[in-house]
1. Which ones in the range 169-196 are surrounded by fewer than 24 Cβ atoms within 10 Å (Cβ to Cβ), within 12 Å of the ligand (Cβ to nearest atom) and of a type outside the set (Phe, Trp, Tyr)?
2. Do you know which of the residues in the range 80-129 that are in contact with a Gly (Cβ under 6 Å, 6 or more places away or on another chain) and hydroxyl-bearing (Ser, Thr, Tyr) is farthest from the ligand (Cβ to nearest atom)?
3. When GLY93 is evaluated against the numbered criteria (1) open to solvent by 20 Å² or more (accessible area, probe 1.4 Å); (2) out of contact with any strand residue (DSSP E or B) (no Cβ under 7 Å at 6 or more places or on another chain), which criterion, by number, is the only one it fails?
4. Could you tell me which residue of the range 54-67 is nearest to TYR101 (Cα to Cα), considering only residues that are charged (D, E, K, R) and open to solvent by less than 30 Å² (accessible area, probe 1.4 Å)?
5. Answer yes if at least one residue in the range 197-211 is closer than 29 Å to LEU82 by Cα, touching a Ser or Thr at 6+ places or on another chain (Cβ under 9 Å) and surrounded by fewer than 19 Cβ atoms within 10 Å (Cβ to Cβ), and no otherwise.
6. Out of the residues in the range 247-269 meeting the condition of being open to solvent by 70 Å² or more (accessible area, probe 1.4 Å) and not in a helix (DSSP H, G or I), tell me which one is farthest from HIS71 (Cα to Cα).
7. Those residues that are within 21 Å of LEU69 (Cα to Cα), out of contact with any Leu (no Cβ under 7 Å at 6 or more places or on another chain) and not acidic (Asp, Glu), I need them from the range 228-246; list them, please.
8. Tell me, which helices (runs of 4 or more DSSP H) lie completely within the range 3-118 with 1 or more residues that are at pLDDT 95 or above?
Amino acid sequence: MLTKLFLALNQLSPNIKRELWRQWYQFLAGRYPIQEWTFMNYGYAPLDSQAARLALSPQDEADRYFIQLYHHVASGADLAGLDVVEVGSGRGGGASYVARYLKPKTMLGIDFSEQAVRFSNRQHRVAGLSFSQGDAENLSLDDAHVDVVINVESSHCYASIETFFREVQRVLRPGGYFLYADFRGKEDATLLHHQLHHSGMTLLQEQDVTANVVRSLELDNERKQALIQRYFPKWLLRSFQDFAAVKGSKIYEGFRSRQMLYKYYVLQK
Ligand SMILES: C[S@@+](CC[C@H](N)C(=O)[O-])C[C@H]1O[C@@H](n2cnc3c(N)ncnc32)[C@H](O)[C@@H]1O
């Protein structure tokens, strides 16, 4: 039932879609404040088996694939000493990784769900890192206030992507970077390219990382299945397996057949 709802969300009116996503993330953070669950993305794995392995401390190993997605996204700019904002920070694991490993001056995570923000502020205590409730389409930040905006797997929930891109451009300082990753159906991915091209920012890099996401979903499948079995009631299992895109789910198959594409972009103001 929920699965059908996820897949149908894009056909709904933009404002209804947005509100349903908000309720879903509120429900997850309020009902499941599971400490070890701090990421909600599909992850990234290099395809080249000879690629250098990202060095992580033992406490971060379990989140390797989610972190590798953030690492890849953040590789578009050197964040050291900068003011960085993540829009759609979820349960805060990504912002925490950026703050601890990439050493920005400040790192602010913003999310629509106040429950997720409360969870993140409780869970991640790192110097310079904070979380606050806010809306991607109406950011409560001054003009030209930040050096970098990061956005990972969140924008598919928004009512108007053009409004979000205008907000990103407004809050960035001149020369600032927008580091962005998300998935879309095949046709919508073409539209997204067009929207970014006309966003007023310069598109420096566009990469199709669908195969990396599929690889991550495969490598992390067993661990995720075990976590889902451990924490969620029977009646929600199927929905969570689909939400997490485990092997065999519609989302996993969508990526594998390339009916759904996962893209990474670097833009500059
Ligand atoms: C799939 S989760 C990704 C979270 C995080 N980026 C990660 O990779 O772990 C999407 C997040 O976007 C947030 N979100 C959705 N619509 C939003 C909006 N209009 N403004 C801010 N955040 C939003 C949701 O509350 C949710 O936490």
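1. Answer for the range 169-196, where residues must be surrounded by fewer than 24 Cβ atoms within 10 Å (Cβ to Cβ), within 12 Å of the ligand (Cβ to nearest atom) and of a type outside the set (Phe, Trp, Tyr): just ASP182.
2. Ranking the qualifying residues of the range 80-129, first place goes to THR106.
3. (1)
4. So the residue we want is ASP60.
5. no
6. Applying the filter and picking the extreme gives GLN259.
7. PHE240, GLN241, PHE243, ALA244, VAL246
8. 64-74, 93-101
The values are calculated or read from the model by the stated rules, or taken from the named source; none is laboratory data. This one's a predicted model, so the numbers in the text were calculated from it and none came from an experiment. Cβ sites come from the backbone with ideal geometry, for glycine too, and all protein chains shown count toward neighbours. Quick note on the areas: whole protein, heavy atoms, side chains included, nothing else; ligands and nucleic acids left out. Shrake-Rupley method; radii C 1.70, N 1.55, O 1.52, S 1.80 Å.
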